[in-house]
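To start, the structure itself, in structure tokens.
The values are calculated or read from the model by the stated rules, or taken from the named source; none is laboratory data. Remember, predicted model here, so these are calculated numbers, not experimental data. Using ideal geometry, Cβ is built from the backbone for each residue, glycine included, and neighbour counts are taken over all protein chains shown.
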There are 2 protein chains.
Amino acid sequence: MAETEVKVSRKDAILDAAEALFAEHGYDAVTLRAIAAKAGVDVALANYHFGRKHELFEQTFQRRAEILNTWRLQALEACREKAAPSPASVRDIIDAYLRPLMTGPHLKEPGWRNYYGMVAYVNSSTAWGGQLMTKSYNPAIESFIEALKEALPEASDDAIYWGYHCLSGALTLAFAQTGRLDQLSRGKVCSTDLEGGYLQMVDFITAGFERIGKR
Amino acid sequence: MAETEVKVSRKDAILDAAEALFAEHGYDAVTLRAIAAKAGVDVALANYHFGRKHELFEQTFQRRAEILNTWRLQALEACREKAAPSPASVRDIIDAYLRPLMTGPHLKEPGWRNYYGMVAYVNSSTAWGGQLMTKSYNPAIESFIEALKEALPEASDDAIYWGYHCLSGALTLAFAQTGRLDQLSRGKVCSTDLEGGYLQMVDFITAGFERIGKR
DNA sequence: AATATGTTTCAACAACTGTTGAAGAGACAT
DNA sequence: ATGTCTCTTCAACAGTTGTTGAAACATATT
């Protein structure tokens, strides 16, 4: 047995296994028995700790959401203070939105990569998308929208929100790690290289927002 | 019975029902019995016409893919001819990519809206994404990438492909119609208004690509 | 009228699903 | 030792799943 890791509780083992399987196969394709087997526990234990399958999925999803929100909001606050009393620059806002998630040592942990797969699944799912993303992420996102409105006082609501839509869609697709970019570029670009993608996306998205401010 | 429509074959009825259900609930959550019930036929008929469930999904997905590719490639060819012998402008290329899908009378047909939901599901699914999207859409997409490279000779491969990634992610999320934009903007922006989103996205994405060309 | 061909339905299969109640295991205080 | 508590397993449930083989139906050809 690979006992190099710290011993995790069986409850956490279930969450980890669920995270990995939900990310790869979605909600319905994953059975509680598969989760239990991967976690090395009995089927009934998932029910004891989390109740219905639905609730296990939500708890798995929300476990890391608060951490991401904290990282992001700290970065946003930092760039706001740096610019005060002027509004923060568009580039710094976009950077605060992307950098905490797309760069850093946590990307080497499989748990985080798995979680990102879950985010991609939830955010583009008609069934889960609306409800769950809103509950877990909207408060933080609203702070970013507000900052963008301050940085782009001339931009219309339509332009701001559809701009955010482009940003969110691009990040979601990056999280999905479908490998399409690799196939399309015949290996010249690597979909799983989030840090490399971060560098490109900051420029691209910043340019988009700066354009809509000039109207 | 609402018999205003032209009578469709039972085979097409199955495809239509599958399209609607797969778009809303994904692959695994949809049962062949649910599809058969919606189509008004027996369960075994889906198997007779399409074989395994897997193949029914793929055929449903590919049914409209060729049409979309044709529309897009015609638009791309038109803007290339318009600009010849110069390369087409970035804006015209992006417009050729988005306009055929996000505007036009076909958006009023429920079948097309359903299909867009399937595209969103497939494109951001780790399981299907790589394989199926590549098979159905890559040839057309490669033409667009090539056009972008001609319009932006200074841009690096990384910039071009990650720029396309942003474009594809934004479009995919728009197709998912999760209603998140409505919630985020408190009703000021409508997620399902693809024509309105088209106007914003063309500007936003074009600005992104034009930026990466200046380096 | 008889035959052949392609559709459609019926009934059933073995396997698997989420969920549950009762029983066991372990730690800890009394 | 005894009882209490949380955690964990066992065994089983009722229902649903994709898939199939045989039979019924329809239509056109001979």
### Query
What residue, of B:M102, B:M133, is modelled with pLDDT of 95 or more and under 23 Å from B:C166 (Cβ atoms)?
B:M102
### Task
Would you be able to tell me the number of residues in segment A:168-209 that are more than 7 Å from every other protein chain (Cβ to nearest Cβ) and not aliphatic (A, V, I, L, M)?
12
### Task
Restrict the check to segment A:109-127 and report whether at least one residue is within 16 Å of DNA strand D (Cβ to nearest atom), over 16 Å from A:E19 (Cβ atoms) and at pLDDT 95 or above.
no
#### Entry: Residues being of a type in the set (D, E, K, R) and closer than 22 Å to B:L152 by Cβ - total across segment B:187-215
5
### Query
If only one of B:S143, B:S136, B:S124 is at negative phi, of a type in the set (S, T, N, Q), within 11 Å of chain A (Cβ to nearest Cβ) and touching a residue at least 40 places away in the same chain (Cβ under 8 Å), which one is it?
B:S124
### Message
For the list (1) free of Cβ contacts under 8 Å to residues at least 40 places away in the same chain; (2) buried (at least 22 other Cβ atoms within 10 Å of the Cβ), I need the number of the one condition that A:Q183 fails.
### Response
(2)
### Task
Please give the number of the condition A:A127 fails out of (1) within 16 Å of DNA strand C (Cβ to nearest atom); (2) assigned to a helix (DSSP H, G or I); (3) not charged (D, E, K, R).
(2)
### Task
Sort out which residues of segment A:15-38 are more than 15 Å from A:P110 (Cα to Cα), in a helix (DSSP H, G or I) and either more than 14 Å from every other protein chain (Cβ to nearest Cβ) or near DNA strand C (Cβ under 8 Å from one of its atoms) (or both), and write them in order of number.
A:L32, A:R33, A:A34, A:I35, A:A36, A:A37
### Message
Take B:A96 and tell me if it is crowded, with 19+ Cβ neighbours inside 10 Å, modelled with pLDDT of 95 or more and over 14 Å from the mean Cα position of the chain (by Cα).
### Response
no
### Message
So if I check each of A:A39, A:A96, which one is within 22 Å of A:P139 (Cβ to Cβ) and not aromatic (F, W, Y)?
### Response
A:A96
### Query
Considering only residues of segment B:48-57 that are more than 14 Å from chain A (Cβ to nearest Cβ) and under 21 Å from B:L132 (Cα atoms), which is nearest to DNA strand C (Cβ to nearest atom)?
B:H49
### Message
Yes or no: segment B:85-92 includes at least one residue that is within 19 Å of B:L171 (Cβ to Cβ), away from DNA strand D (no atom under 12 Å from the Cβ), within 14 Å of chain A (Cβ to nearest Cβ) and in a helix (DSSP H, G or I).
### Response
yes
### Residue count, segment B:187-211 (criterion: over 13 Å from B:C166 (Cα atoms) and of a type outside the set (K, R))
15
### Task
Count, please, the residues in segment B:39-57 that happen to be surrounded by fewer than 19 Cβ atoms within 10 Å (Cβ to Cβ) and in a helix (DSSP H, G or I).
9
### Query
Does segment B:23-39 contain any residue that is of a type in the set (S, T, N, Q) and more than 10 Å from DNA strand D (Cβ to nearest atom)?
no
### Query
Does any residue of segment A:10-28 turn out to be in contact with a helix residue (DSSP H, G or I) (Cβ under 9 Å, 6 or more places away or on another chain), more than 25 Å from A:I141 (Cβ to Cβ), β-branched (V, I, T) and crowded, with 18+ Cβ neighbours inside 10 Å?
yes
### Query
Would it be correct to say that B:P87 is more than 16 Å from DNA strand C (Cβ to nearest atom), surrounded by 16 or more Cβ atoms within 10 Å (Cβ to Cβ) and not hydroxyl-bearing (S, T, Y)?
yes
